[in-house]
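Working notes for the structure below.
Rule-based calculations on the coordinates, nothing more; no lab input. Note that this is a predicted model, so its numbers are computed, not measured. Here the Cβ is made from the backbone with ideal geometry for all residues, glycine too, and neighbour counts use every protein chain on show.
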Amino acid sequence: MAADGQNPVIEDTPRMNAHNAPDLHEAEPIPAAARAAIEELLQSADLFRYNAPKDAPVALLEAEFAELLGAKYALAVSSCSAALFLTMKALDLKPGAKVLIPAFTFAAVPSAVVHAECVPVLVEVGQDMRIDIADFKAKLADADAVLISHMRGHTSDMDAICQLADAAGIPVIEDAAHSLGTLWHGKKLGTIGKAGCFSFQSYKMVNAGEGGMMITDDPELAARAIIMSGAYEENWKKHGGLQNSFGHWQNKLPLYNVRMQNLSAAVIRPQLPMLADRVTKGRANHDHVALLLNESPWLSVPQALAPEERAPDSIQFSLIGEWSDAESREFQAEAKTRGVPVQIFGLSEGNARAFWNWQFLGETPELPMTRAMLMRACDMRLPVRLSREELDYLAMAVLGAVKAVKG
């Protein structure tokens, strides 16, 4: 920081090269407590969640995660995609049911809808990277469910979405893969809809390489999801606190076997007490870099909505004003020469977040608002471990790349 407490002057100097840049792909280190728990598990070879009569690491994780989020029930599974899929199956959505999803999300989300034998209906997303409520309202009449991705931690207007969906009698599922720790009116994301789904993939706030969690307050939804996750015979009895119709559903629902194993739970559990500190650091990192980037007339970082308290581990910004595709690609290349991997969603070859690359859906829908946003929307990781000096370097590199293109 400058001596007067103001932001540092951002200058593109010869010192700015790839050798100075922090590694944005490096994940957070795994706590020592997790390594000790893994060693104990390897010695016992007790890796399957249902071997122990009670208190298996996965079962303990479910109880701890439910308490952390303030939910009644939690189910640990192999991925967030599996959690989304199971939620749709547990809601008993019929084959061909229409599920509204944002047109800006990761390809795994429409894939989960297809896997559940449903039809994804893509809803326009605005320049702020959030659901366009007018398009959402127009498409809601034909929908059977709503799956809201809080993509890259940008929370759509959940007040409007839930009000409209509740009036139509349509369940809302939250894909909170990027939003563990985010609050909406002080309420934790993932607890607002009928169910919430989370990810423990390497680049999330809690890193297990892979893994997911589904939470809900609905005991029947939980019971159906637990059985279909792979709780065969009477293994559902090892899920504590559930007094509902497990017995009725046993052998009547298919088993998809997307269980989490104990090794993953051993990695995740010691990280949960660290979440609050990671969220605080992630928000401070994001807001510091956002303040610097917003000084440029060519860049704009989406602001949080009034009810939203974010938990970011990355930053998104848009190239604003007159930018051609060639200039945008040149900016991306200039950032790379400075060692900073900035991804422009719509200009990165085969990007899984650009809806026109989801060829498995068939004919690409016309979504001009979302397409325009993606063609100039930039993405950069901001791991919470970064120092203030490293954050300043990233901002300088981005602003220097803009200067190289725009002068």
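Panel order for His115, His19, His239, by other beta carbons found within 10 Å of each beta carbon, from fewest to most: His19, His115, His239.
Counting beta carbons within 10 Å around each of His248, His288 and listing the fewest first gives the order His248, His288. Maximal additional length on extending the Glu327-Ala134 stretch stands at 66.3 nm, based on 0.36 nm per residue less the C-alpha distance. Each of Met158, Met213, Met375 was scored by other Cβ atoms within 10 Å of its Cβ. Arranged with the fewest first, they read Met375, Met158, Met213.
One Cα centroid belongs to region 302-376, the other to region 181-258; the line between them spans 32 Å.
Loop-located chymotrypsin sites (Phe, Trp or Tyr not before Pro) across region 88-151 with a Cβ neighbour count of 16 or fewer within 10 Å are lacking, with loop assigned by DSSP.
Each Lys and Arg Cβ is given +1 and each Asp and Glu Cβ -1; about its Cα centre, region 255-407 then shows a dipole of about 540 debye. Figure the gain on full extension for Leu291 and Ala63 (residue separation times 0.36 nm, minus the Cα-Cα span) and round it to one decimal in nm. The Leu291-Ala63 span can extend by a further 78.2 nm.
Label zone of Met274 (point 7 Å out along Cα→Cβ, amide N under 17 Å): in region 202-237 this covers 202-211.
In this structure, Glu39 and Ile320 have a Cβ-Cβ separation that, at R0 = 45 Å, corresponds to a calculated FRET efficiency of about 0.30. A Förster radius of 56 Å combined with the Cβ-Cβ distance from Glu349 to His248 puts the calculated FRET efficiency at roughly 0.65.
For the chain, adding -39500 (n - 2.57) for each run of n ≥ 4 DSSP H residues and dividing by the number of residues yields -11000 deg cm²/dmol at 222 nm.
In loop segments of region 314-347 as defined by DSSP, the GluC sites (Glu not before Pro) with at most 16 further C-beta atoms inside 10 Å of their C-beta are Glu322.
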